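The values are calculated or read from the model by the stated rules, or taken from the named source; none is laboratory data. No experiment lies behind these values; they were computed from the predicted model shown. Please note: Cβ atoms are built from the backbone with ideal geometry, for glycine as well, and neighbour counts cover all protein chains shown.
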């Protein structure tokens, strides 16, 4: 089925939900992999990878700002943290949606890693507290 895209979101409680975005095909859209009537890519595989740096090929490029220009065009200013490459340009809605999905996936990976590290640190703290209690190193006046 065409005309939809999905996005998975992890909620703070650990549950993961999947959001499905539906869109009706616009007049002039072509079902083939060619460009549409406005010259935008009809097939997402031909879209530009906005998260990849054109200078150093890093996949850490992020948006500095973005602004909707029309129903299907966005102005995006991007920056690469590795080589300080910057770029401003207008991109089709499908390219920006893919960029947004990549950013959301990266955010989710960072949050997952943060939870893992926080849990590991808390476990170490609890183990040290238990050891200190066992050796009578903590006195009531410590609180």
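The table for this structure:
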| item | result |
| --- | --- |
| Hey, residue 121 on the phi < 0 side of the Ramachandran plot and touching a residue at least 24 places away in the same chain (Cβ under 8 Å) or not | no |
| Filter result (within 14 Å of residue 52 (Cβ to Cβ) and buried (at least 16 other Cβ atoms within 10 Å of the Cβ)) within region 73-102 | 76, 78, 79, 80, 91, 95, 98, 99, 102 |
| Lone qualifier among 142, 36, 105, 49 - being at pLDDT below 90, surrounded by 12 or more Cβ atoms within 10 Å (Cβ to Cβ) and more than 28 Å from residue 9 (Cβ to Cβ) | 36 |
| Region 4-25 - residue that is modelled with pLDDT under 65 and surrounded by 10 or more Cβ atoms within 10 Å (Cβ to Cβ) and, of those, nearest to the chain's Cα centre (by Cα) | 23 |
| Some residue of region 52-72 being more than 18 Å from the chain's Cα centre (by Cα) and part of a strand (DSSP E or B) | yes |
| Residue match in region 55-72 (condition: surrounded by fewer than 13 Cβ atoms within 10 Å (Cβ to Cβ), closer than 26 Å to residue 12 by Cβ and modelled with pLDDT under 90) | no |
| Residue list for region 126-139, restricted to those being part of a helix (DSSP H, G or I) and farther than 23 Å from residue 14 by Cα | 127, 128, 129, 130, 131, 132, 133, 134 |
